[in-house]
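**Student:** Submitted below is the structure of interest, expressed as structure tokens.
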Ligand SMILES: Nc1ncnc2c1ncn2[C@@H]1O[C@H](COP(=O)(O)OP(=O)(O)O)[C@@H](O)[C@H]1O
Ligand SMILES: [Mg+2]
């Protein structure tokens, strides 16, 4: 059990409001350095699950352990801090603060995570190193984020998720805004980085073609039950 | 870095933010400007006369007495007899006394008969004495000293002739006794600027041929005959009195107010000026209230701007949240933003005020006799600036709390 980066058990969550959506999940775990693709239809609760893992929403029941710590027992502020320290997040698109420079964006999570900042060492140098590893041109570092192409922006988002080497990277359909060629290149870079640092990766997608590159593929319906009631 | 990002976020919205800053700046400049004019006007007003302990006139209201004796507005209902005047002058508490005799005019300016002592004892702006800008104090019976505004608007210089009209707004002029300008006073910003000053005897001399307001037909006494006549006045309009010790002011005031031979009134000019300002000042207070409302409007405008930016910035807030920012950090970010807008607005407003003052100071001084000081910001102004920034922060809490709620509800997902 020591090696689990992520462990969910008996989790249940429902969105409040008129369109009821309930997600129940018995068991789900991610090992250290493991890469998992989570497939599911649109609206099947994938993003909801990722929000639970990140601790921006709290389950009504159950435990969510990250690196051995049950985040459901933490206060809101402590969960935010814990997320900053331990999880790198990549969205589908519009990952970056458009008015900040690339450097600003990459260094942003370190603002909220002193421990992770320490791990990063010389943060600027680490960020620049990640940029060159991810094949971003040198001069991009000081450029405003909104001057970058979509593919470049996604790579900056990867650099931001990786800086300070958190144990877990959560990616919510990060390739869906990219064309097929860029998708492949993007995944190459992502896997290069996660395997180099034994980082676990949980990536969500509705596209089964990506499956072969991951250690494991999980379908949403295999691990979770969804109830919908239209009021 | 968060602060730098906040600034970067603001500059990415430079146009709307700039407009908001400008609106706040203009409103702050307006408010401080009105405040400046108000204090300047009040200071100039209450500094109209200083060094005089009592003003004595026939019994009426204290404001009325102040108005005609100092501001030359309106008329005395009654005069003070020369005997009473002499008796008050002889009171042991009276250190000096200066008579004032009004009633005639030259063009639109009032003519005042007095003694040379007037130039010694009349003080304004914290004890500043009158000064001649040209010529000398009247020496001859038919000499006149004119105020700066009189000289300027009528184009008079030393030695210009003056014809005095009897009564106010009268076209019957005392053509027989032409006066000569002997001196011109330097600008004071007081009603003295708009006064023609002659001697008390000259005031009598003008009226030698006049009985009860109409000219005695066929009579025209030559100047050299008048010079030989006894020109001691029968009455004066009012008198300025200096008291030897402040403690005796009230004793003399009571003596005058209880004077048995005729109903007289003695007022403390400072008190009467305050009383008069209480009436005049209401308009200025209303103006100040209006400009305060303008400041409030500008701040509400800022609130609306922040509010309307919230939706398009949901994404930005979700990114902050995903990176580990707490909802309170989002709230803080918006409050910091508002603080910067309000501070920039207030600072720019202060700058505009000083630019405005540099331009307006000489114009306002010459046009209204109101002196606007250009000093470092006063404590009061600093308080106003701080209040604007503080109000900006408070007002921004409304959209900031909404953003807080949104970021708690949205978490890191934004429905697109
Ligand atoms: N912020 C929210 N508030 C209320 N309901 C939500 C919210 N986000 C998602 N939901 C509900 O959860 C359901 C699943 O959404 P989501 O987790 O985004 O699915 P997926 O990512 O698989 O497309 C949606 O049908 C929606 O009704
Ligand atoms: Mg989704």
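The values are calculated or read from the model by the stated rules, or taken from the named source; none is laboratory data. Everything quoted here is computed from the prediction, not taken from an experiment. Reconstructed Cβ throughout: ideal geometry from the backbone, glycine too, with neighbour counts over all protein chains shown.
**Student:** Going through the range A:41-72 one residue at a time, which ones are more than 16 Å from ligand 1 (Cβ to nearest atom) and farther than 28 Å from residue A:197 by Cβ? Spell out the reasoning first.
**Tutor:** In the first step, residues of the range A:41-72 are kept if they are more than 16 Å from ligand 1 (Cβ to nearest atom); the result is A:61-63, A:65-72.
Those that are more than 16 Å from ligand 1 (Cβ to nearest atom) and farther than 28 Å from residue A:197 by Cβ: A:61, A:62.
**Student:** Residue A:137 is checked against (1) in contact with a helix residue (DSSP H, G or I) (Cβ under 8 Å, 6 or more places away or on another chain); (2) more than 16 Å from ligand 1 (Cβ to nearest atom) and fails just one. What number does that condition carry?
**Tutor:** Answer for residue A:137: the failing condition is (1).
**Student:** Restricting to the range B:61-85, and then to whatever is over 25 Å from the mean Cα position of the chain (by Cα) and farther than 18 Å from residue B:121 by Cα, can you tell me which residue is surrounded by the most Cβ atoms within 10 Å (Cβ to Cβ)? Walk me through how you get there before you give the answer.
**Tutor:** Residues of the range B:61-85 that are over 25 Å from the mean Cα position of the chain (by Cα), as a first pass: B:77-85.
Among the residues that remain, those that are also farther than 18 Å from residue B:121 by Cα are: B:77-84.
On the way: B:77: 13, B:78: 14, B:79: 20, B:80: 26, B:81: 17, B:82: 15, B:83: 12, B:84: 20.
So, considering only residues that are over 25 Å from the mean Cα position of the chain (by Cα) and farther than 18 Å from residue B:121 by Cα, the one surrounded by the most Cβ atoms within 10 Å (Cβ to Cβ) is B:80.
**Student:** Then there is this: Evaluate the range B:388-409: report whether one residue or more is in a helix (DSSP H, G or I), within 16 Å of ligand 2 (Cβ to nearest atom) and surrounded by 18 or more Cβ atoms within 10 Å (Cβ to Cβ).
**Tutor:** Looking for residues that are in a helix (DSSP H, G or I), within 16 Å of ligand 2 (Cβ to nearest atom) and surrounded by 18 or more Cβ atoms within 10 Å (Cβ to Cβ), one finds none in the range B:388-409, hence no.
**Student:** Assuming residue A:169 fulfils every condition listed in (1) part of a strand (DSSP E or B); (2) more than 14 Å from chain B (Cβ to nearest Cβ); (3) more than 16 Å from ligand 2 (Cβ to nearest atom); (4) surrounded by 22 or more Cβ atoms within 10 Å (Cβ to Cβ) apart from one, which condition is it?
**Tutor:** All conditions are met except number (2).
**Student:** Right, residue B:295: in a helix (DSSP H, G or I), touching a helix residue (DSSP H, G or I) at 6+ places or on another chain (Cβ under 7 Å), more than 14 Å from chain A (Cβ to nearest Cβ) and over 22 Å from residue B:387 (Cβ atoms) or not? Don't jump to the end; show me each part of the working.
**Tutor:** Numbers: in a helix (DSSP H, G or I): yes; touching a helix residue (DSSP H, G or I) at 6+ places or on another chain (Cβ under 7 Å): yes; more than 14 Å from chain A (Cβ to nearest Cβ): yes; over 22 Å from residue B:387 (Cβ atoms): no.
Here the answer is no, as residue B:295 does not meet what is asked.
**Student:** If you don't mind, another one. In the range A:176-199, is there at least one residue being more than 14 Å from every other protein chain (Cβ to nearest Cβ) and within 16 Å of ligand 2 (Cβ to nearest atom)? Don't jump to the end; show me each part of the working.
**Tutor:** If we filter the range A:176-199 for residues that are more than 14 Å from every other protein chain (Cβ to nearest Cβ), which is where we start, we get A:178-199.
Keeping just the survivors that are within 16 Å of ligand 2 (Cβ to nearest atom) gives none.
Within the range A:176-199, not a single residue is more than 14 Å from every other protein chain (Cβ to nearest Cβ) and within 16 Å of ligand 2 (Cβ to nearest atom).
**Student:** Can you work out which of the residues in the range A:15-29 that are in a strand (DSSP E or B) and within 9 Å of ligand 1 (Cβ to nearest atom) is farthest from residue A:66 (Cα to Cα)? Walk me through it before giving the result.
**Tutor:** Residues of the range A:15-29 in a strand (DSSP E or B): A:15, A:19-29.
Add one more test, that the residue is within 9 Å of ligand 1 (Cβ to nearest atom), and what stays is A:15, A:19-21, A:23.
Details: A:15: 22, A:19: 30, A:20: 28, A:21: 25, A:23: 19 Å.
It comes out as A:19.
**Student:** In the set A:145, A:127, which member is in contact (Cβ under 8 Å) with a residue 24 or more places away in the chain and over 19 Å from residue B:333 (Cβ atoms)? First the steps, then the outcome.
**Tutor:** Values: A:145 fails: over 19 Å from residue B:333 (Cβ atoms).
From the options A:145, A:127, the qualifying one is A:127.
**Student:** Next question. Any idea how many residues of the range B:289-305 are within 19 Å of the chain's Cα centre (by Cα) and either surrounded by 16 or more Cβ atoms within 10 Å (Cβ to Cβ) or at positive phi (or both)?
**Tutor:** 1
**Student:** For residue B:91, state whether it is crowded, with 22+ Cβ neighbours inside 10 Å, in contact (Cβ under 8 Å) with a residue 12 or more places away in the chain, farther than 27 Å from residue B:279 by Cβ and touching a helix residue (DSSP H, G or I) at 6+ places or on another chain (Cβ under 9 Å). Spell out the reasoning first.
**Tutor:** Details: crowded, with 22+ Cβ neighbours inside 10 Å: no; in contact (Cβ under 8 Å) with a residue 12 or more places away in the chain: yes; farther than 27 Å from residue B:279 by Cβ: yes; touching a helix residue (DSSP H, G or I) at 6+ places or on another chain (Cβ under 9 Å): yes.
Considered against the rule, which asks whether it is crowded, with 22+ Cβ neighbours inside 10 Å, in contact (Cβ under 8 Å) with a residue 12 or more places away in the chain, farther than 27 Å from residue B:279 by Cβ and touching a helix residue (DSSP H, G or I) at 6+ places or on another chain (Cβ under 9 Å), residue B:91 comes out as no.
**Student:** From B:312, B:337, B:284, B:381, which residue is under 40 Å from the mean Cα position of the chain (by Cα) and within 14 Å of chain A (Cβ to nearest Cβ)?
**Tutor:** Values: B:312 fails: under 40 Å from the mean Cα position of the chain (by Cα); B:284 fails: within 14 Å of chain A (Cβ to nearest Cβ); B:381 fails: within 14 Å of chain A (Cβ to nearest Cβ).
The match here is B:337.
**Student:** Looking at this structure, is residue A:155 away from chain B (no Cβ under 12 Å) and either outside any loop (DSSP other than H, G, I, E, B) or away from ligand 1 (no atom under 16 Å from the Cβ) (or both)?
**Tutor:** Details: away from chain B (no Cβ under 12 Å): yes; either outside any loop (DSSP other than H, G, I, E, B) or away from ligand 1 (no atom under 16 Å from the Cβ) (or both): yes.
Against the criterion (away from chain B (no Cβ under 12 Å) and either outside any loop (DSSP other than H, G, I, E, B) or away from ligand 1 (no atom under 16 Å from the Cβ) (or both)), residue A:155 qualifies.
**Student:** Something else: Any residue at all in the range A:201-213 that's away from ligand 2 (no atom under 16 Å from the Cβ), touching a residue at least 12 places away in the same chain (Cβ under 8 Å), away from every other protein chain (no Cβ under 14 Å) and within 20 Å of residue B:324 (Cα to Cα)?
**Tutor:** Within the range A:201-213, one or more residues are away from ligand 2 (no atom under 16 Å from the Cβ), touching a residue at least 12 places away in the same chain (Cβ under 8 Å), away from every other protein chain (no Cβ under 14 Å) and within 20 Å of residue B:324 (Cα to Cα).
Residue-by-condition table, conditions (1) within 26 Å of residue A:14 (Cβ to Cβ); (2) surrounded by 17 or more Cβ atoms within 10 Å (Cβ to Cβ); (3) away from ligand 1 (no atom under 13 Å from the Cβ):
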{"position": "A:177", "(1), (2), (3)": "no, yes, yes"}
{"position": "A:183", "(1), (2), (3)": "no, yes, yes"}
{"position": "A:192", "(1), (2), (3)": "no, no, yes"}
{"position": "A:197", "(1), (2), (3)": "no, no, yes"}
{"position": "A:224", "(1), (2), (3)": "yes, yes, no"}
{"position": "A:229", "(1), (2), (3)": "yes, no, no"}
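**Student:** Against the condition within 12 Å of ligand 1 (Cβ to nearest atom) and at pLDDT below 90, how does residue A:76 come out, does it pass?
**Tutor:** Working: within 12 Å of ligand 1 (Cβ to nearest atom): no; at pLDDT below 90: yes.
Considered against the rule, which asks whether it is within 12 Å of ligand 1 (Cβ to nearest atom) and at pLDDT below 90, residue A:76 comes out as no.
**Student:** Could you pull out every one of the helices (runs of 4 or more DSSP H) wholly within the range B:43-123 that has 3 or more residues that are under 17 Å from residue B:249 (Cα atoms)?
**Tutor:** Details: elements: B:62-69, B:82-89, B:117-121.
Where helices (runs of 4 or more DSSP H) fall fully within the range B:43-123 and carry at least 3 residues being under 17 Å from residue B:249 (Cα atoms), they are B:82-89.
**Student:** Which members of the range B:264-287 meet the condition of being part of a helix (DSSP H, G or I) and within 13 Å of residue B:69 (Cβ to Cβ)? Before the answer, list the steps.
**Tutor:** Going residue by residue through the range B:264-287, those that are part of a helix (DSSP H, G or I) are B:269-287.
Answer for the range B:264-287, where residues must be part of a helix (DSSP H, G or I) and within 13 Å of residue B:69 (Cβ to Cβ): B:269, B:272, B:273, B:276.
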